[in-house]
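What follows is a set of notes on a single structure, which appears directly below.
The values are calculated or read from the model by the stated rules, or taken from the named source; none is laboratory data. Since we're looking at a predicted model, the values are computed, not measured. All Cβ positions, even for glycine, are placed from backbone atoms using ideal geometry, and neighbour counts span all protein chains on display.
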Amino acid sequence: MAKRKKAEQKALFRGLLQMPPPDFYRRPILHIDCGGHVEVEGCKAVLLYDQEQIRLDMGHWQVSIFGDALELEAMNKRELQIRGRVLRTEFSYL
């Protein structure tokens with residue numbers, strides 16, 4: 001009985017230390033700071049951009065950010081940064 005429990009504990013411990021699935025680090029991530037700063041990782045495209053709304057293609061999802069004085073502050077292959085007064089966000093599944 002003790003050997004079986006020890007083997008189960010070892011298997012559980014090994015599972016905790018395994019690498020996550022390969023697509024884990026490529027998933028889109030959205031960080032919203034209450035101070036009016038939004039960081040987006042894994043954005044595929046900017047679909048709509050004006051001072052009141054920004055719509056992003058996040059793969060299987062679209063994210064719409066609504067607010068006042070929204071600005072695309074920085075954009076590169078990995079990250080997109082938005083500044084402004086964020087009032088609400090909407091998520092739609094494609």
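Quick check on region 1-51: of everything there that is in a helix (DSSP H, G or I) and small (Gly, Ala, Ser), which residue is surrounded by the fewest Cβ atoms within 10 Å (Cβ to Cβ)? Of everything passing the filter in region 1-51, Ala2 is surrounded by the fewest Cβ atoms within 10 Å (Cβ to Cβ). For region 19-38, the tally of residues that are of a type outside the set (Phe, Trp, Tyr) and modelled with pLDDT under 75 stands at 6. Restricting attention to region 52-71, the residues that are of a type in the set (Gly, Ala, Ser), buried (at least 19 other Cβ atoms within 10 Å of the Cβ) and under 13 Å from the mean Cα position of the chain (by Cα) add up to 0.
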